[in-house]
Structure formats: structure tokens, C-alpha cells
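The values are calculated or read from the model by the stated rules, or taken from the named source; none is laboratory data. Note that the structure is a prediction, hence the values are computed from the model and not measured. Cβ coordinates were reconstructed from backbone atoms using ideal geometry, including for glycine residues, and neighbour counts include every protein chain displayed.
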Amino acid sequence: MIELFGRLGIAVGLGLLVGLQRQRTDARLAGFRTFPLVTLLGALCGLLAETHGGWVVAGGFGGLALVMLGGELPLLRGGEERPGVTTEVALLVMFAVGAYLMKGATAVAIASSGMVAVLLHLKPQMHSLAERIGDQDFTAIMQFALISLVILPVLPDRAFGPFLVLNPFRIWLMVVLIVGISLGGYIAYKWVGVRAGAWANGVLGGVISSTATAVSVARRTKDAGARPDVAAFVILVASSVVFVRVGLLIGATSPGFLGAAGGPLAILFAVLLLTGVANLRRADPTPAVAPEQGNPTELKPALLFGVLYAVVQLAVAAANEYFGRRGLYAAAAISGLTDMDAITLSVTHLVGTAEIGPATGWRLIVVAAMANLVFKAAAVAVLGERRLFGRIGVGFGAALVAGTLLLLTGPE
């Protein structure tokens, strides 16, 4: 009995929360008193349904809809323009929350009500966001929906091919993970643009693609006269953020491995970040070198990453089978030249399946990271101004030295 009254009290409290928000917006249909009554009605219908069947909830839902229609009729007859049906939908949701609360998980009901209140409260911000989303940004969101909600569910979840490492569902799930992280960085970049300065350009460039950022910034120092000190800062910060991104991938796919890999990743992150800050002290941190960033959700790049990930998985499995640890290091170095994501996910899979130990795993990732730094340095040397190469060379050189020491003396 105490638990029952507790649930009824929670229902009323949740209704009061949402009702208070509606009252503050001058909603004419329902407010501070109506919402808790509706949630209580849902709770009582859910309680009666235990003995009289689910039709009681359906009847209460239909009755509530009729009452709302009756409340709208005077406005409709008077020809007044209605701003929308948000309050009506919120009433129906809170009725359902009350009914669910009687036998469902209390946490789910509370979270659902909280989300309703927040969504109602953030109306101005959400409308402003919708207006700021351009056609390219909307296309990016829809393409991510295609990648994650249309393609992923229909793929078979079983292994094929040599060494039984090609699982279409898992491969595409990794595509969704990578594209999702990049899309988050892309949206943030579009919001802040060049206005946020060199710090944001470096951080978001690393989230989206540090290699693309390095190439774009290097070209601008030669073609557009961008300052090499600011450009070096952006590249070094973007390169340091790669290790945060790698840590996120490891944590998302194999949390147990993160304990072993976290230390070496943190050291390399710190080395690059500190050398980047050293450049910032001598620079005017203006947004003059904001790198150009492409849409990360295009289907073609997603397919290319899926193919790359599958190839890296095959290469790593074959190297492990035929050449042992030395073969794995060679595969990691080659794979890491232009992309860290595929080799990180492949190594994480090997550690998760106990085919290699965590110590070998983080060393493979460090080797891939060092190869990636060499590739970016070469790109900057070819595409950028000579002074830019000298500035990033100090940071990349320090990171390569630190990586070598970690490989030789790091924990087993």
C-alpha cells in the first residue's frame, strides 16, 4: 500500500513539473492544475487495468482526447489561430506516463517526464536551431540516419571470409560509430565556425579529421598567406585530439583495454598539446586559418571507411597468423599512415577476443600513431610553407621520441 501511494505521489509530482512549465508559457488548454490531474488519471487507469483489462487505459486515453477536443471547440468556432498541438501531445504523453508508472520502472517514467519538460522549455532554442540548420547540414543529418537506421539493421550479424573476421553488421557498426563522432564535431564546427578562434578550430579539426585539417591548414599557409605560428598551433592541437578520439573509440568498444592504453595515449596527447601551446604563446590566436571541413556523412566516404576497416581487419588477422607480432607492427604502421580509426578498432577487437594482450595492443596503436604523424609531417612539408614545417617538426619530433621511449620502456 505504501508503494502504491508512493507511485501515485510520483505521478502527481511529475504532472506538476510539466504543468508548471506550461503555466509559465500561458498555455490556454492546460497548465499547473490540469497536468497533474491528467497524470493521476493515467495512473488510476493503469491501476484499474490490472483487474479489468487494458481497455480501461484505452478508454481513458480516448476520453482525454475527447475532453481536449471539447476544450478546443470554442477556439475553433471563434476562428482563433492555434499556435500548435504541443500542449495536447504533452497531455497524452503524461497520461501514458501515469499509466506506465503503476507497473513499469519508476526511473523510466521520471526520465520520460523530465524529457517532456525539457523539450517544452527549450522551444525557442530548438526553433532557433532548426532555422540555423542549412541544406548541407540537414543533408548530413539525413545521411547519418540512412547509414545508422536504414543500412545497419538489415546487415547480417555473422562472420564471413578468411579468418572469419568479416562481420558485415559489426563492420558497419564501426562505420556508424566513426561517422557519428565526426558528425558531432562537424555540427559543432558549423556552429562556431571561424569565430571561435584557433583553439576551437584545432579541437574540432581533430575530432573530424586531423589529417584533413593538417592538409587544409598547410595549403592555406602557402596559398592564402595564413600565419605559420597559428597554423602550427591548429595542426598540433588537432593531432593531440586524435589521442582523445582513440581513447573514446577504445572505451566504446573495449572498456577494459582503456586502462592499459590510457597512459601512453595521455603522454602523447600531452606532448603534442604542450608544443602546440608553445606556438600559441608566440602567435595571435585569431581564426585566420580555420580549416575547410567536408560533410563526414557522405555515403561514399562511409563506404570507403567500411572497406578500409575490412581490409585492415584481414591484414591484421593474416599478419598475426603468418608473421606473429612483427607482422602486426608492420600492418599497424601501414594502416596508421592515413587513418587511425580502422587500426584502432581492429586492435581493440583483437584485445577484446584475447588474441593479443593489452600491452601489445597499445604498442600497436602507438606505432600506428607515429606513422600517422610522419605522414602528416610529409604532407605539411609538401603542401605548406617551410616555416610551418619547422614549427610542427618540433612537436611531431617530440611525440615520436616519446612514442619510441614508450615502446621500449612502457609497461608490459
Mind checking which helices (runs of 4 or more DSSP H) fall wholly inside the range 103-151 and carry at least 2 residues that are among the β-branched types (Val, Ile, Thr) and more than 28 Å from LEU92 (Cα to Cα)?
135-145
Taking the range 109-156, which residues are more than 23 Å from the chain's Cα centre (by Cα) and either in the same structural domain as VAL175 (by TED's automatic domain parsing) or free of Cβ contacts under 8 Å to residues at least 24 places away in the same chain (or both)?
PRO124, PRO156
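To keep it simple, each residue is scored yes or no on (1) assigned to a helix (DSSP H, G or I); (2) modelled with pLDDT of 85 or more; (3) of a type in the set (S, T, N, Q); (4) over 21 Å from ALA96 (Cα atoms).
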site	(1), (2), (3), (4)
CYS45	yes, yes, no, no
PHE61	yes, yes, no, no
GLY71	yes, no, no, no
GLY79	no, no, no, yes
ARG82	no, no, no, yes
Please list, ordered by first then second residue, the pairs with beta carbon atoms under 9 Å, 6 or more apart or interchain, first in the range 305-327 and without any contact (Cβ under 8 Å) to a residue 12 or more places away in the chain, second surrounded by fewer than 19 Cβ atoms within 10 Å (Cβ to Cβ) and acidic (Asp, Glu).
GLY327/GLU321
Could you tell me which numbered condition ALA402 fails, if it satisfies all but one of (1) more than 17 Å from SER239 (Cβ to Cβ); (2) at pLDDT 95 or above; (3) not basic (Lys, Arg)?
(1)
Under 6 Å between Cβ atoms, at least 6 apart or on separate chains: pull out the pairs that start in the range 337-357 with a residue that is surrounded by fewer than 20 Cβ atoms within 10 Å (Cβ to Cβ) and end on any residue that is assigned to a loop (DSSP other than H, G, I, E, B).
GLY352/SER254
Mind counting the residues in the range 291-336 that are assigned to a loop (DSSP other than H, G, I, E, B) and modelled with pLDDT of 80 or more?
1
Among the residues of the range 210-252, count how many are over 14 Å from ARG387 (Cα atoms) and within 26 Å of the chain's Cα centre (by Cα).
25
Among the residues of the range 337-361, write down those that are under 28 Å from ALA212 (Cα atoms), under 23 Å from the mean Cα position of the chain (by Cα) and assigned to a helix (DSSP H, G or I).
ASP341, ALA342, ILE343, THR344, LEU345, SER346, VAL347, THR348, HIS349
